[in-house]
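Working notes for the structure below.
Just so you know, all these numbers are worked out from the coordinates, no wet-lab data involved. Note that this is a predicted model, so its numbers are computed, not measured. Cβ sites come from the backbone with ideal geometry, for glycine too, and all protein chains shown count toward neighbours.
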Amino acid sequence: SDYHFTLPGIMKRQEHPGYRAAVEPEGMRLVMKDYQRQTLQWMLDREALPHGLNQLFWEQRSFVDGGYFYYAPALGELRLEKPLERRGGILSEEMGLGKTLEVLALILATKQQREREGTKQQQRVGGAEG
């Protein structure tokens, strides 16, 4: 039971048995393997979390008499102040599986997503004025 509050225990609880694959971003010169596209989707999903990595660990709970506290069951930690929002992550795969390709695909996919969102925003503004 003490295992749950160790770094290996915390990491074990965050393992995922598999993931859906992202669409390969336009402009990639190499064809990504399925597991690389799964990693890409996982990273895109993590970057899109509204409250960063905090929402994977911290829960806001209420005191009986009012007010809030923050509890991280996996960490066995309780705080009275809201934890700082954390973003990012650790991409830890075996050597030679294509981490560089996955990160470059993440950069490309994020850039293309922001460009699409910018185009949609411009169309909404242009449509409202016309």
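Below are the figures for this structure:
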| read-out | value |
| --- | --- |
| Number of the exception - GLU77 against (1) touching a residue at least 24 places away in the same chain (Cβ under 8 Å); (2) over 20 Å from the mean Cα position of the chain (by Cα) | (1) |
| Filter result (touching a residue at least 24 places away in the same chain (Cβ under 8 Å) and more than 20 Å from the chain's Cα centre (by Cα)) within the range 10-31 | GLU26, GLY27, MET28, LEU30 |
| For VAL125: the one exception among (1) in a helix (DSSP H, G or I); (2) surrounded by 15 or more Cβ atoms within 10 Å (Cβ to Cβ) | (2) |
| Hits in the range 75-97 (condition: among the basic types (Lys, Arg) and farther than 21 Å from LEU7 by Cβ) | LYS82 |
